[in-house]
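A short worksheet on the structure shown next.
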Amino acid sequence: MFWWLGISAKEFVDFLVSIAEKWQKEWEKAKIFEANPDKNRKKFFTTVAFPYPNSPFHLGHGRTYVTCDIYARYMRMKGYNVLFPMGFHYTGTPIIAMADDVAKGDKELIDIFKNIYEIPDNVISKLADPLFMANYFKDEIKKAMKEIGLSIDWRREFTTIDPEFSSFIVWQFSKLQEKGFIVRDTHPVGWCPVHHIPVGMHDTKGDMEPEIGEFVLIYFTTDLGILPAATLRPETVFGAVAVWVNPDVTYSIIEIDGKKMIVSERSAFKLTFQIDNIKNIGNIKGSELTKYKAINPITGKEIPILPADFVDPNVATGVVMSVPAHAPFDYFYLKKIKQDIPIVSVIQVEGQGDTLARDFVEKNNPKNKDDLQKLTEQVYRIEYNRGKMKDVSQLVKPDYVVFFKSFTGLSVPEARQKITEFLINNGLGRKIFEIMNRPVYCRCGNEVVVKILKDQWFLDYGNPEWKALAKKLIANMKFIPPEVRKDFEFVADWLQKRACARTRGLGTPLPWDKKWIIESLSDSTIYMAYYTIAHKIKQYQLRPSQLTYDFWNYVMLGIGNIDEISSKTGISKEIIKEIRDEFLYWYPLDIRHSGKDLIPNHLSFFIFNHAAIFPEELWPKAIAVNGFVLYEGKKMSKSLRNIIPLRKALRIYSPDVVRITLTSTADMGSDVNFSDSYAKSVGEILRKYYEFIKDLPKYNGEGTDFADRWLRAQVNRMVLESTKYMDNIDFRSTVNDILYNFDSYLKEYMEMCKAEGKEPNGKLMRDIIEIWIKLLAPFAPHFAEEIWHELGHNTYISLEKWPTAEESSEDLYFILIHEYHKRIIEDASKIINYYFKNTPKVVKIYVAEEELMKVLKDAVQILSSGGTLKQLMEKEKPSDKRMANLYKKIYELAVELDDTMKKLILGYDVNELEVLKQGAKYISYKLNVPVEVHNISELDRSKYNKEALPMKPAIIVE
């Protein structure tokens, strides 16, 4: 920027931190974010995921919360009555597991607490108590939320183990059970093999959702017993020409349902969670197995058992069949160990042959396992989507020929289903479950397995009636960014039963089976409704025993007789009605903010549960999903030691700088990169703006008519564009406009005034700064509040009205004309830089005849409607060949014009000579050369053979 800088960057950061503290105290004292029903104002209810208090906030947490706050502040300035509440999620195993790690003396965790989060030693020892940990970190997180400037109504704060909230969850689960959406069933779940509890996303390290998938086991017989080869592609068994085992691994010989089977030791352990009464008979080394042969159960052929170090003993059974025609790994390794085994093809893809795996390997020459994995994914995808089964009946045992004749021409999915059923029905195989995104670790540190859980309580998300309701809600919701809608639709399709209770952890007991605790992803689905009345429960000191099923049924759904409910609960009718009215004022939820990692679980459960419990008019309206935060281009992790505590970042950079940096470098769905250099550059530009605003009193000139109108037009355009961006939560574009483009407008305006020998218009400058600071307020609320008051106001900018502007053709005219002036400067600069070493004497601009502007306008109109040169000639009727050539050049010019110049030509009657004379001083100032503007008729043809076209004048530099 161009103004004097008076204070250092460090001093300015200290200043920003101090004013943040100042205005947070003022806001809290004035209670400006406490939202109460107001029937004269439109409401806006927004929430963001309440946090687990099992560690302090780091930079990665900040983005979602600040995103929600920026939008809340924007809507508040748009005149909405905004409710933004907050609670804390104590439920489940995250807090208990973390406390257990402290109690065990986990060195890595204690080191992080001590050296990254700077927690005192005398506090760390107390964190072994789960409730102490939860309350300590709740206070830490709350401080971080306040310090970063979240505009929260803290009256409504609660925790999920508050007995009042538990009564609400009891009501929720009773409603779900009434509707048949909670069932007792047998189902595969992620499972902690040590604590013997189901495990979901929030129970795992790194918050990984265990993804459960099916493997088909195919029984290859040997003299030692059955080798159950695990596969995701049973339809290729006809082409299985070998069995792979890992030679360096110990295999267990076990008995399942009276059959002797050989699986890896890890598999034998994991299968005990899925199959009852497994007996362990003995062990054998993988290398020993390779001395035997196996029989393909479908073809009856004897095939070798081969060694392969790529076989992972931790996946499924640790036994794999080899199908080199359709599996790149198999073809690559058979070729590598020089096994002369015939390739048997069973699937063909039109236009790509019938040995896709071999062809891909030979063509791409993979160098490592990653290359082979990519080829495998390509082959599997192509064959699954486009593959057809060949005639496999000639490959099978005689007894099976008739059955497998019907396979010819089947799609791969059809064949997969049929062969799986055949294998199971004929005792030749079975299914098992596996964690597909393994390894996933429970927070206690043990690897999660799959357990077939019997007599467990499940939320039956697979219920067709429930799915239909959820899909209807999804169809009516707004999603930001819009492309995530398909992700929600996908989850709604595949989501099935989910265990909803645990025997370990904090939370609400299941009302009809109190030995179970409702787990953390099940009691966090409709809590947004509780926010609407949480403060009323506190205000009237209602006891948990008064908050009965009937009370909640009336407050949330309007069901029941208020007189009877009042009599039974001891709560006055007036209070019950007041609570019901407050709920109805705020609900439905207008928008839910969250990270993209919660789409397959929490956010989808949020949709399902609202659809199940509430009537359509109370269904949530929108979900905004944002990406993650990287630090210096890398994911924040314990191993990289690059976790930055949020409160520390606020001290280093200031709250407003962190807010802007977290939300302005990427689109909503993409990951933000928080870098030290960018954060400092944000601080620097705020500092420069601050210095400029402090200098405003010295600008007391009158400006120039054209420059003033141009600047006001740009600011009006900025208001219109910023409003459009903010409506769509496009914070990146908003910040780019108000922080960086506005800077360039100010510079440009100063230069336009200087070119005319005028002082900037002081009143105009103040007016536009007041508009600008309002646009910046949602992003940098403390900075904006300070500036607003320094400008002499005594209201809170947080409650001021968002600026408005109207589309104006007059505004656009000044913007376009100035853009045209800049094009002329650019053209003249190219000539000067190319031909002149020293400063030229003069630049002469010769403008085309005025009547040719009409021809150019006609040409642009004809092109815009899909017309041709022929139509232009028919319209203009050139009088001779010279005019025809001239019109042709004008047409070619019209073809090359960009949208900006087309808008100018089509929207206005442009007198090019007057326009250039108006901008001559500015053009001269920018070129640092005297500029003259003439009509082309004044050109000395004896010296110059130049031609001028409309909007493309002849430029002569002397």
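The values are calculated or read from the model by the stated rules, or taken from the named source; none is laboratory data. In this text the structure is predicted, and so the values were computed from the model without any measurement. Here Cβ is always computed from backbone atoms with ideal geometry, including for glycine, and neighbour counts include all displayed protein chains.
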Under 6 Å between Cβ atoms, which residue pairs at least 6 apart in sequence (or on different chains) link something in region 370-399 that is in contact (Cβ under 8 Å) with a residue 40 or more places away in the chain and assigned by TED's automatic domain parsing to the domain that holds residue 236 with a partner that is among the small types (Gly, Ala, Ser) and surrounded by 13 or more Cβ atoms within 10 Å (Cβ to Cβ)? 379/357; 389/415; 397/300
Could you tell me which of the residues 549, 530, 554, 587 is free of Cβ contacts under 8 Å to residues at least 60 places away in the same chain and under 27 Å from residue 607 (Cβ atoms)? 554
How many of the residues in region 202-212 are in contact with a Pro (Cβ under 8 Å, 6 or more places away or on another chain) and among the hydrophobic types (A, V, I, L, M, F, W, C)? 1
Which of the residues spanning region 904-917 are within 18 Å of residue 810 (Cβ to Cβ) and crowded, with 18+ Cβ neighbours inside 10 Å? 904, 905, 910, 915
So the helices (runs of 4 or more DSSP H) completely within region 327-428 holding 2 or more residues that are within 18 Å of residue 297 (Cβ to Cβ) are 401-405, 412-425
So residue 190 clears everything in (1) in contact with a Gly (Cβ under 8 Å, 6 or more places away or on another chain); (2) surrounded by fewer than 17 Cβ atoms within 10 Å (Cβ to Cβ) except one condition, right? Which one? (2)
Please count how many residues of region 29-52 are more than 23 Å from residue 524 (Cα to Cα) and of a type in the set (Phe, Trp, Tyr). 1
Kindly establish whether residue 217 is among the hydrophobic types (A, V, I, L, M, F, W, C) and assigned to a loop (DSSP other than H, G, I, E, B). no
Give just the number: which of (1) surrounded by fewer than 22 Cβ atoms within 10 Å (Cβ to Cβ); (2) in contact with a Pro (Cβ under 9 Å, 6 or more places away or on another chain); (3) assigned to a helix (DSSP H, G or I) does residue 173 not satisfy? (1)
Just checking, does region 883-894 include any residue being among the polar types (S, T, N, Q) and within 42 Å of the chain's Cα centre (by Cα)? no
Provide a single number: the residues in region 279-310 that are outside any strand (DSSP E or B), at pLDDT 95 or above and either surrounded by 18 or more Cβ atoms within 10 Å (Cβ to Cβ) or not acidic (Asp, Glu) (or both). 12
Quick one: in region 793-810, of everything that is under 22 Å from residue 35 (Cβ atoms) and of a type outside the set (Val, Ile, Thr), which residue is surrounded by the most Cβ atoms within 10 Å (Cβ to Cβ)? 798
Give the residue that is modelled with the lowest pLDDT, with candidates limited to residues of region 833-858 that are in contact with a Ser or Thr (Cβ under 9 Å, 6 or more places away or on another chain) and either not in a strand (DSSP E or B) or not aliphatic (A, V, I, L, M) (or both). 849
If I ask for residues that are among the polar types (S, T, N, Q) and touching a Pro at 6+ places or on another chain (Cβ under 8 Å), which ones from region 356-411 would you list? 376
Any idea which of 700, 728, 716 is touching a residue at least 60 places away in the same chain (Cβ under 8 Å), in contact with a strand residue (DSSP E or B) (Cβ under 8 Å, 6 or more places away or on another chain) and on the phi < 0 side of the Ramachandran plot? 728
For region 47-97, name all the residues that are among the polar types (S, T, N, Q), outside any loop (DSSP other than H, G, I, E, B) and within 30 Å of residue 501 (Cβ to Cβ). 47, 64
If residue 204 satisfies all but one of (1) in contact with a Leu (Cβ under 7 Å, 6 or more places away or on another chain); (2) among the β-branched types (Val, Ile, Thr); (3) modelled with pLDDT under 95, what's the number of the condition it fails? (1)
For region 264-281 the number of residues that are aliphatic (A, V, I, L, M) and more than 17 Å from residue 447 (Cβ to Cβ) is 3
